[in-house]
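The values are calculated or read from the model by the stated rules, or taken from the named source; none is laboratory data. Just so it is clear, the structure is predicted and the values come from calculations on it, not from any experiment. Cβ atoms come from the backbone with ideal geometry, glycine included; neighbour counts cover every protein chain shown.
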Amino acid sequence: MDVIVPEIERLFRDEYGRSVAVLIRLCGNIELAEEAVQDAFTAALQRWPSSGLPPSPAGWIITTARNRMVDHWRREAGRDERYAQGAWLINAQVDEEVDMTEQTTRDDQLRLIFTCCHPALALDAQVALTLRLLGGLTTSEIARAFLTPDATMAQRLVRAKGKIRDANIPFRIPQATELATRIGAVLAVIYLVFNEGYVSNSGEQLLRESLCTEAIRLGRQMLELMPDEAEVMGLLALMLLIDSRREARVSASGALVPLSEQSRELWNQHLMIEGLGLVRQCIRRNEPGFYQILAAIQAVHCDARSTASTDWPQIVRLYDQLCEITSNPIVALNRAVAVAEVDGPAAALEIVDNLKLDHHHMLHAIRADLLHRLGRNPEAVSAYQAAVSRSGNAVERAFLKRKIAAINES
Amino acid sequence: MKQYLLAMYQPDGELPPASSLEKVMRDIHALRQEMKEADAWVFSGGLHPPGTATVLRVHNNAVLTTDGPFIEGKEYIGGFTIVKVPDLDAALEWGRKLALVSTLPIEVRPFRDSGNR
């Protein structure tokens, strides 16, 4: 019995999204699909501890959810025209087995992912829907992770589902002509979830880490569903490599540890080996893209024994490649950091000073570091102060203040 | 099938010169033809500027007539098209084409009526 409850929890995490996706195929309605799947998991929690796991737990969940939905629709059919129509539809299928072949459920999941990340929905709604419908996170968990009041998050989800219903956003795998753009939107949502978990340190640590884990899980799922998309593989590799440094990145006292000061024994070898393997596969495919290049940059860091022995010229080359496909100034800023290691801080400072990123704390933090390396300490201190006033993150601010103190003491 | 409104937003002020407008009108007409051939077109029309509008509103059980648009804005609806298509993606595709030929922002909104007739 003790074994079964965690087993159900694991199953919930792994199968919730797929079950909802299959149920949406059967009934065409997100809310009803969610309700039915939740009912089925509740039934499993009541039954399995005494009866033991059924032969195919995932299949049991979907069949039970389908049966509950049919019951529900039959009950409601007399009252509500909407349900009557649905009951008619579903009665036609009720005696058949639910089509659970791999190809069908794979397409169900993809359809749901693309609908959650539809460009007609606002980005924050895409993120919330993805976590809710594909990750099975509760509204309140998503709200806490994004430091948003529960009511706001609930409303965001209701509005988004309402738009899908009323505007008739289709559950459909995009056509080949738009597929690349639409995959890009899905990857952007997953990466945003990952970054939210990784970058912010405010709020509840565990919940933030669970966002990283969830993003990686979604990344793996996407790769399983679309094994031929190099960028999907690139994103998973990128997240694995960054996540492999999670332990090393924050000290025991909760302080931020920059890459150059991290103890490399703390890097998670399993995640790193997996990530590096994916990067190698990407390189063999030779269809470079945004996430793949970012992953390759992370891979260069992983290959080095120390900051000093890092192959910085290679990193600059990768950033050059990245700058060809994106005009993102953050990318240019990160490139400047690598340039500093190859051509020195003066060359990097010249690049940084030409970037229009005054609002961003990273620009000022990097500028401060370059000025400090050039011995221009008073300017470095004021740049660090500019960074402090623009950072929204307590751990980061503490890190920047320690830098100021260190310069002032020297 | 579902009906969608494709509303074309025009900046307030002088219209572009007739010469450049002519090409736009021709392209819009061609697009309308394409919609008709695809059996997606329901209705479309261009509107006179908001200066020609009249507003009616109920006040103390009487209807008051006033000059001018209901909302003064920097943009106004210069014209609209109603399409009948299976889903939002199809409506957005027509909206995309309309935006390209008109170079104006297009707002796509679903009709409440499901159009199942």
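Scanning region A:161-180 for residues that are within 13 Å of chain B (Cβ to nearest Cβ), touching a residue at least 24 places away in the same chain (Cβ under 8 Å) and of a type outside the set (F, W, Y) returns A:K163, A:I164, A:R165, A:A167, A:I169, A:P170, A:R172, A:I173, A:P174.
Scan region B:64-80 for residues that are in contact with a Gly (Cβ under 8 Å, 6 or more places away or on another chain) and either farther than 27 Å from B:L21 by Cα or part of a strand (DSSP E or B) (or both) and the total you get is 3. With respect to the conditions (1) over 24 Å from A:I293 (Cα atoms); (2) in a helix (DSSP H, G or I), A:G392 lacks only one, and its number is (2).
Going through region A:120-138 one residue at a time, which ones are farther than 12 Å from A:E196 by Cβ and either of a type in the set (G, A, S) or touching a Ser or Thr at 6+ places or on another chain (Cβ under 6 Å) (or both)? Result: A:A120, A:A122, A:A125, A:G135, A:G136.
The residues of region B:2-29 that are free of Cβ contacts under 8 Å to residues at least 12 places away in the same chain and out of contact with any Leu (no Cβ under 8 Å at 6 or more places or on another chain), listed by number, are B:G13, B:E14, B:P16, B:P17, B:A18, B:S19, B:S20, B:E22, B:K23, B:M25, B:R26, B:H29. Between A:E350, A:E324, the distinction of being among the charged types (D, E, K, R), in a helix (DSSP H, G or I) and under 26 Å from the mean Cα position of the chain (by Cα) belongs to A:E324 only. B:D67 - would you say it is over 16 Å from the mean Cα position of the chain (by Cα) and under 23 Å from B:L6 (Cβ atoms)? The answer is no for B:D67.
Whether any residue in region A:205-223 is farther than 16 Å from A:L134 by Cα, within 14 Å of chain B (Cβ to nearest Cβ) and surrounded by fewer than 16 Cβ atoms within 10 Å (Cβ to Cβ) is what I want to check.
No, region A:205-223 contains no residue that is farther than 16 Å from A:L134 by Cα, within 14 Å of chain B (Cβ to nearest Cβ) and surrounded by fewer than 16 Cβ atoms within 10 Å (Cβ to Cβ).
Of the residues contained in region A:218-237, one or more are found to be at pLDDT 90 or above, assigned to a helix (DSSP H, G or I) and under 8 Å from the mean Cα position of the chain (by Cα).
Residue under question is A:K356, and the condition is that it be basic (K, R), touching a residue at least 12 places away in the same chain (Cβ under 8 Å) and not in a helix (DSSP H, G or I); does it hold?
Numbers: basic (K, R): yes; touching a residue at least 12 places away in the same chain (Cβ under 8 Å): yes; not in a helix (DSSP H, G or I): yes.
Answer is yes for this residue.
If you go through region B:87-117 and keep only what is in a loop (DSSP other than H, G, I, E, B), modelled with pLDDT of 95 or more and within 13 Å of chain A (Cβ to nearest Cβ), you end up with B:D87, B:F111.
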